[in-house]
Amino acid sequence: MLSKKMLKILNEQVSKEAYASQLYLSMASWAETRGMAGIASWFYAQSDEERGHMMKFILFINERGGHAEVPKIDQPPKDFPGVREVFDASLEHEQMVTAAINDIVSLSLNEKDYATHNWIQWFVDEQMEEEASVQGVIDKLALLGSNNLYLFDRDILSMRETGEGE
Ligand code: FEO
């Protein structure tokens, strides 16, 4: 059984994952309308992954006797100054999510809730991978420079296809 405090923080995480999914969907749509199919495909896939994360939290909460609440989601920004800014914002968002996951880890240890502690480890690994993968894209972008967006866009498409960016 989840404590009240744990239920609250897990439900807050449902909301954070749902917002991440919307944010990446908005980034995908922004890129697609500017002819950047590779970047759009990257963010569509990211958005799906975030929805998957949200679902994991919902199912876990309910399995542990809580009631997962489906949140109202804020509208994400629809315009972005440029490709670099989109990836920077994505990294910043992942770092915020990592901090939130770490808070759940801390609470689970404080409460000696080892079932949650064990379950949340998947997210600890996932956050490490996600931050590394966005950082990898930013490094590549820095290397190619913004004059070469066409090449970058094609490159990121192949990163997704080969699983390099996951
Ligand atoms: Fe589900 Fe990328 O945090």
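The values are calculated or read from the model by the stated rules, or taken from the named source; none is laboratory data. Quantities reported herein were computed from a predicted structural model and do not represent experimental measurements. Backbone-built Cβ (ideal geometry, glycine too); neighbour counts: all protein chains shown. Surface areas here come from the heavy atoms of the whole protein model, side chains and all, with no ligands, DNA or RNA. Shrake-Rupley method; radii C 1.70, N 1.55, O 1.52, S 1.80 Å.
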(request) Within the range 68-84, count every residue that is in contact (Cβ under 8 Å) with a residue 60 or more places away in the chain and either open to solvent by 30 Å² or more (accessible area, probe 1.4 Å) or of a type outside the set (V, I, T) (or both). (result) 3
(message) Among the residues that make up the range 38-57, is at least one of them open to solvent by 10 Å² or more (accessible area, probe 1.4 Å), more than 25 Å from L7 (Cα to Cα) and part of a loop (DSSP other than H, G, I, E, B)?
(response) no
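Given the options Y24, Y19, name the one that is open to solvent by 50 Å² or more (accessible area, probe 1.4 Å), within 13 Å of the ligand (Cβ to nearest atom), of a type in the set (S, T, Y) and more than 20 Å from Y150 (Cβ to Cβ).
Working: Y24 fails: open to solvent by 50 Å² or more (accessible area, probe 1.4 Å).
When all the criteria are applied, what remains is Y19.
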(request) Could you please let me know if S106 is near the ligand (Cβ under 10 Å from one of its atoms) and either at pLDDT 95 or above or not in a helix (DSSP H, G or I) (or both)? (result) no
